[in-house]
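Have a look at the structure below, then the notes.
The values are calculated or read from the model by the stated rules, or taken from the named source; none is laboratory data. Here the structure is a predicted model, which is why all the values come from computation and not from measurement. Neighbour counts are summed over all protein chains in view; Cβ atoms, including those assigned to glycine, are modelled from backbone coordinates with ideal geometry. Heads up: the accessible areas ignore ligands, DNA and RNA and are worked out on the full protein's heavy atoms, side chains in. Shrake-Rupley method; radii C 1.70, N 1.55, O 1.52, S 1.80 Å.
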Amino acid sequence: MVDAQHAAEVRHPRVVVMDGEQGVREFRLDRQRTSIGRSALNQVVLDHPSVSQFHAHILAKGRTYRITDLGTRSGLRVNGRKVDEASLEPGDDIAVGEIILRFVGEDTRAVMAEDAEHTPGRRWNVSRRVVFGIVVLAGVLALLVAVNAYWIAKLVGGR
């Protein structure tokens, strides 16, 4: 059973960093305006070269949330679509540069259902990275084998 204080925390709107070198992190949206960017002056700090110093902000108005790109080069995507501004719904994926955030609204049950639907996609993204790594490794190994075969043939052949 969840106590009242923990339930309030769980229900508080937030964004969750879903990708990136720093792992999974959560940021509560407890201000009317929450800024996102690489600068330490932001409430949501994303230390990645694809993220601008001041990349975007999320505005809260009642129970609605809107995200706005602040004129960045790398842009902003919500659920894969490039946007300058968009309303956020629980479970929305936000790409800030190359970093992926998940918007978690007040109703976490809807987001948990969304997570169940997104899990295969998340696994596929990881699987693609693993497959890419294996393909690169196989290519490097094939090159090493070819170079070794060349030198062995040269040494055995005497020339």
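In this calculation the C-beta distance from residue 84 to residue 132 is compared with R0 = 41 Å, giving a FRET efficiency of 0.85.
Ligands, DNA and RNA excluded, the heavy atoms of residue 57 present near 30 Å² of accessible surface to a 1.4 Å solvent probe.
Seen from residue 33, the other residues with C-beta closer than 13 Å to its C-beta sum to a net charge of +2, counting Lys and Arg as +1 and Asp and Glu as -1.
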